[in-house]
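In what follows, a single structure is set out as C-alpha cells and then discussed.
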Amino acid sequence: MKIYLLVFGLIICLSGFSAAPMALTEYSLVETKTEKGLVSCALCNSIISDIFLGFENGQTDEEISAGIGQRCETLNLYNYKVCYGTAFIAMPTIRYIYSLGVVEGNICGMLLQTGNCGFSDPGLLEWSVTPSSIPKPPITEPALPPDGSPTLKVLHLSDIHWDPEYLEGSNAVCGDPLCCRASSGEIVNDTDAAGYWGDRRGCDLPWRTIESAVSHMAQQHSDAAYIIWTGDLTPHDTWSTDKDENLMIIDRLMTLMQQYFPEVPLYPTLGNHESHPVNTFAPPEITDVDFNTAWLYDEADRQWARWLPAEVSSTIRYGGFYTALAQPGLRIVSMNMNYCYIFNYWTYYKSQDPASILTWLNQVLEDAELAGEKVHILSHIPPGNGDCWTIFSREFAKIINRFESTVAAQFYGHTHNDEYKIFYDFVELDRAVNVAFVAPSLTTSSDLNPGYRTYTIDGPRPGSTWAVLDHSTWIMNLTVANAQDPSINPVWFELYQAKRDYALTDLNPRSMDVFYQRLVTDDALFQIYFEHYYKMADERLEEGCDAECRTKLLCFIVTTDPLDQSRCQNIRRQLLSQHPEF
Ligand SMILES: *[C@@H]1O[C@H](CO)[C@@H](O)[C@H](O)[C@H]1NC(C)=O
Ligand SMILES: *[C@@H]1O[C@H](CO)[C@@H](O)[C@H](O)[C@H]1NC(C)=O
C-alpha cells in the first residue's frame, strides 16, 4: 500500500499537485534507504525521462500529459481528468525549464530528498551563504518581562483555501483531491453530501465560513495590534487553476480583511498555492513574462500596499519578500519560502539561494542587530519541513543560529496542523536556540476543524524581548455547525492556551525544548498535543495516534534539516524502549 502512496505522491508532484502537503514527508520519514526507496527512485527517474524524451521527440504538451493521465489511471490513483489537467497546466513551464538545461539526474534526488535518490551534480549540495563578518554577540538568556508590562495581541491566520465553487449538498467523497463542488459527481448516499459550513472530507471552505471566522475575529480580537497572514488562499483544484481566479481570490480575501479590520496592519506572505501553475515561483533572472512570476509579485505588491509602507515594493516585485517595522524595535521579515519548495519546478533549475533571499535575510538581520531591533520572521512553508530543500533549510538554520538573539520568533503555516519547531545549536547540540510557531489552517482539508491562532507578545517597553509569551488556538466544531439550522451562526471558541494547558512557564526556546521532551515521555500530555494538532476533528480522535503517528508529530518538532534525521531516530529509539508493544 505504502508504495502506491509514494507513486501517487510522485506522479502528482511531477504533475504539480500537492494537496496533501504532508503525504510525501510522512512517507519519507518512515521509509528511508529501503528497497522500496530504491523502487520509488527508479520509478521517479523513469517518469522524468519519459517526459524529457517526449520533449526531445517533439511530443506535444497534450501527448505528454495524456501519458501521465494514463499512468495515473492504471495505478488507480486519481482519475484521468485530475492528472491530465494538472500535468497539462504545468507542462509548458516544465518544457521551458527543460530548455534552460536543467540537470535531469538531480530532479529525483531533490524530490525524494530523504529517500537518498542521489544527484548527478553534487555541486547542488555544495553551496552556502557567506556568513556575517560581524562576530556573534554573547548569548544572554531572555528575561521574562516584569509583571504588569505591556503586551501585544497578534492574530495569525493561515491556509484559508477558499473554494469559490463550494456547494453544500454536493458530493464530499468524490475521490478527487478536492470535492464538494457541483462537478464532484453523483451522490450515492445521503451521508456523502457536503455540509453547509464546510466538510472535513477533502473539501476547502465556502465563503460563508470564512466570513463567519473573520467576523468573529473582529469581535473577539478587536484589540489585535496586527495580523500575520501566512498564505494559501486558493483552493486545491490544481487541475483547473488559472491566474485570473487566483488574483480574484487574493483581492476578495484582502478586501474582506480590510473591511473587518480597517485599522489593523496586516503582514502577508505568499503560499505555494497562490501561483499558477501551482507551486511555480521563478527566480528573478527569468524575464520571460510567460513563465516568470512577475504577474503575481506585482499584484501582491499592489494588494499589500493596503498595509505595507511604499519602500517594501522593490523586494516584493523582485522576489515576493520584504521587511517592515511593526513597532519601534520590532521588525517583521516576510520570507518567500516557495524558493525552497521541492515541488516548485524552478528549484530544479536554481536551488542555490534563489533571488539571493538568504543573503538578503542575513543582511537584514545584521542591520537589525546593529540597530538593536528584534525580528519576527514569517513565511508559508516552515524551513526543515520534508518538502523544503535540505541545503536551503540547513543554510537557513545557520542564519537563525548566528542571529538567535535578534530573531525573537518565527511564524509559519502550510502543514494545516497546530504545531511548532525547535532550532538547536550546531555546537552545543542540545541547546535550543529558536522556535518556529506553526499555525493551524482555516480550511478543513483534510479531517480538520477550521482554526486560527492568537499570540501574546512582549510589548512596547524599554528592552522588550518581543518574545512570544503565550498563544491560543481558536476553532469551531464543524460537526455541530453542520447539524444545526443553517441560519444559526457557528460558534468559535478557544480550544486551548499553550501556557495553561501545557503547563509551561514561558514559550522561550529552552522551555519549548523541555516541553518537547515531556511529549516524548508523557503519554497523557502527548494525547492532548495530538488532539490539538488536528484541532479535535472527530475522525482523527477516533483514529488515535499510534507509534508511527507519534514519531511523525515529534520528528517535525526537532527537524530543521530534512536530511538530518538524527533527533528523529532518537525519538524512535526512545519510544520503542518505553513502548515495546509499538
Ligand atoms: C449510507 O451510509 C451509512 C453510514 O455510513 C451506511 O450505514 C449505509 O449502509 C449507507 N447506505 C448505502 C445505500 O450505501
Ligand atoms: C464536536 O461536536 C461533536 C458532536 O456533538 C462532539 O462529539 C465533539 O466532541 C465536539 N468536538 C469538540 C472539539 O468540541
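Filtered by the rule that a residue be among the hydroxyl-bearing types (Ser, Thr, Tyr) and in contact with a Gly (Cβ under 9 Å, 6 or more places away or on another chain), the range 220-240 gives THR230, THR234, THR238, SER240. Against the test of being farther than 27 Å from ILE139 by Cβ and surrounded by fewer than 19 Cβ atoms within 10 Å (Cβ to Cβ), the options ALA503, ALA524 yield a single qualifying residue, ALA524.
Checked against (1) part of a helix (DSSP H, G or I); (2) farther than 16 Å from PHE556 by Cβ; (3) touching a residue at least 40 places away in the same chain (Cβ under 8 Å), ALA397 passes all but a single condition, namely (2). Evaluating PHE437 against the criteria (1) more than 16 Å from ligand 2 (Cβ to nearest atom); (2) open to solvent by 10 Å² or more (accessible area, probe 1.4 Å); (3) out of contact with any Ser or Thr (no Cβ under 7 Å at 6 or more places or on another chain) leaves one unmet condition, (2). For the range 542-559, the criterion of being closer than 27 Å to SER393 by Cα, part of a helix (DSSP H, G or I) and hydroxyl-bearing (Ser, Thr, Tyr) is satisfied by at least one residue. Restricting the range 180-201 to residues that are surrounded by 22 or more Cβ atoms within 10 Å (Cβ to Cβ) and within 16 Å of ligand 1 (Cβ to nearest atom) leaves a set whose member that is nearest to ASP538 (Cα to Cα) is ARG200.
Take THR209 and decide whether it is within 17 Å of PRO440 (Cα to Cα) and within 16 Å of ligand 2 (Cβ to nearest atom). When the stated conditions are applied, THR209 passes them.
Checked across the range 409-417, the condition of being over 15 Å from the mean Cα position of the chain (by Cα) and open to solvent by 10 Å² or more (accessible area, probe 1.4 Å) holds for no residue. Scanning the range 203-214 for residues that are over 15 Å from PRO164 (Cα atoms) and in contact with a Pro (Cβ under 7 Å, 6 or more places away or on another chain) gives SER212, ALA213. Looking at PRO146, PRO137, just one residue is assigned to a loop (DSSP other than H, G, I, E, B), without any contact (Cβ under 8 Å) to a residue 60 or more places away in the chain, more than 28 Å from the chain's Cα centre (by Cα) and away from ligand 1 (no atom under 16 Å from the Cβ), and that residue is PRO146. Number of residues in the range 102-128 that are within 15 Å of PHE392 (Cα to Cα), open to solvent by 20 Å² or more (accessible area, probe 1.4 Å), small (Gly, Ala, Ser) and at pLDDT 85 or above equals 1.
Against the criterion of being hydroxyl-bearing (Ser, Thr, Tyr), within 16 Å of ligand 2 (Cβ to nearest atom), surrounded by fewer than 19 Cβ atoms within 10 Å (Cβ to Cβ) and more than 22 Å from HIS156 (Cβ to Cβ), THR479 qualifies. Scoring ALA498 on the criteria (1) within 11 Å of ligand 2 (Cβ to nearest atom); (2) without any contact (Cβ under 8 Å) to a residue 60 or more places away in the chain; (3) buried (at least 21 other Cβ atoms within 10 Å of the Cβ) leaves a single failure, condition (1).
Per-residue answers, yes or no, for (1) without any contact (Cβ under 8 Å) to a residue 24 or more places away in the chain; (2) among the hydrophobic types (A, V, I, L, M, F, W, C):
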residue	(1), (2)
PHE530	yes, yes
ALA537	no, yes
ASP561	no, no
SER566	yes, no
GLN569	yes, no
ARG572	yes, no
SER577	yes, no
PRO580	yes, no
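Among the residues of the range 482-495, those that are within 13 Å of ligand 2 (Cβ to nearest atom) and either open to solvent by less than 70 Å² (accessible area, probe 1.4 Å) or touching a Cys at 6+ places or on another chain (Cβ under 8 Å) (or both) comprise ASN482, GLN484, PRO490, TRP492, GLU494, LEU495. Exactly one residue out of TYR166, TYR78, TYR96 is hydroxyl-bearing (Ser, Thr, Tyr) and at pLDDT below 95: that is TYR78.
Can you find a residue in the range 13-33 that is part of a helix (DSSP H, G or I), at pLDDT 50 or above and either open to solvent by 10 Å² or more (accessible area, probe 1.4 Å) or out of contact with any strand residue (DSSP E or B) (no Cβ under 9 Å at 6 or more places or on another chain) (or both)? Walk me through how you get there before you give the answer.
Applying the first criterion (part of a helix (DSSP H, G or I)) to the range 13-33 yields 13-14, 23-30.
Filter once more, keeping what is at pLDDT 50 or above: none.
No - not one qualifying residue is present in the range 13-33.
The values are calculated or read from the model by the stated rules, or taken from the named source; none is laboratory data. Fair warning: this is a prediction, and the values are worked out from it, not measured in the lab. Positions of Cβ are backbone-derived with ideal geometry, glycine not excepted, and every protein chain shown enters the neighbour counts. Side chains are part of the model used for accessible areas, which takes the heavy atoms of the whole protein and leaves out ligands, DNA and RNA. Shrake-Rupley method; radii C 1.70, N 1.55, O 1.52, S 1.80 Å.
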